[in-house]
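Take a look at the structure below.
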Amino acid sequence: MAQFQGSGWGVALVAFGAVALTVITVVLVFEGLREWNRQRTVSRELRKISGGELRGADSRLGLVRAETVEGLKWLEPLLIRFPRRHDFQHFLDQADIGWSVGTFVMLTVGLAAAFGLAVLIALGMWIAALGAAVFGALLPYLFASRKRKQRYAAFEEYFPESIDLLGRAVRAGHAFSTGLRVVAEESPEPVSTEFRQVYEEQKFGLPLSESLLAMSDRLAILDVRIFVTAVLIQLESGGNLAEILDNLAKIIRDRFKFRRQLRVHTAHGRMTGMVLVSAPIVAGLGMWFLNPDYMRVLFDEPLGRVMLVTAAGFQLLGFIFIRRIMDVEV
């Protein structure tokens, strides 16, 4: 054990913990200040509106715009150099995790520094430290991407039922906007949130077509685009909207069923990828507990460290290739 600690792993763990805790603390403080600033801005604007203080150009100031500028004022000189930062904020909004671009940047830099410093102290290899830093920098993006994928999956699961509910409302004689409100009130999340936003936007004066197009832009889902296209065509040319919605719900259910069957057929390949990735790790841990001296050579010797880094890189590459092969778009 003394030899293990002397190799630098203990110091590496302490350095990683210190950097990670520092990053988490900074992010929490930043998010607390941003939320406090947003609440203060909203309260100030509401007081102006209630007191009739907004005149001329001031009445066009938006609360969202004020939050974006003031909340990230100290990061604007950096973020202004990235012209697609608004698209990335759109990506974070699709994940529905409440992060701003500034929070994401701090997490990315902090985790990259934590992983890179820990591996550099433990192994003393710049190449391994660079790989660990890249891995740490990718963690916030992978987390946001996974949350976005989960939210999309939940939306696709409840979307056909919401279309059926909308069709029944239209068939009962309600207006299409009233059907949107019914879907917003009766559907589960995240369908209710998206339809509620469409209903509120058109209620406050935005054309229905633009509200629907904005929903299709927020949700990069093929079923939503089909729904929006069908509704817009019906609004332009007329027709039986209830029947169109019923047929659309049936088509979406059939596509959803086909995707489920496809996941069943590709389960063997995905399981193979998981086994191939986890088998060397499990075998290495087993040999470490059975014969630590035999495995310690890989961590103490420079050639052993190179072999570990190379093996980890090839394992990750193989896992990515297997996932890409099994990922069939429908």
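We did not get these values from a lab; they are worked out from the coordinates using the rules stated. This structure is a prediction, so every number in the text was calculated from the model and none was measured. Here Cβ is always computed from backbone atoms with ideal geometry, including for glycine, and neighbour counts include all displayed protein chains.
Structure notes:
- Distance in nm between pseudo-label sites at Trp126 and Ala312 (7 Å out along the Cβ direction from Cα): 1.8 nm
- The shape of the stretch 125-187 comes out prolate: with a ≥ b ≥ c from the C-alpha gyration tensor, a/c is at least 1.5 and a/b beats b/c.
- Extension gain, Asp96 back to Ile233 (0.36 nm per residue minus Cα-Cα distance, nm): 46.3 nm
- Arg171 paired with Asp300, simple spin-label distance in nm, labels 7 Å along Cα-to-beta-carbon: 7.7 nm
- Mean separation of Cα contacts under 8 Å, 6 or more apart, over the residue count of the stretch 229-330: relative contact order %: 30 percent
- Cβ-derived FRET efficiency at R0 41 Å, Trp288 paired with Ala220, nearest 0.05: 0.40
- Extension gain, Phe321 to Leu142: 0.36 nm times the residue separation minus the Cα-Cα distance gives 62.7 nm.
- Peptide packing: for 156-166, 170-180, 193-203, the average count of neighbouring Cβ atoms within 10 Å per residue gives the ranking 156-166, 193-203, 170-180, highest mean first.
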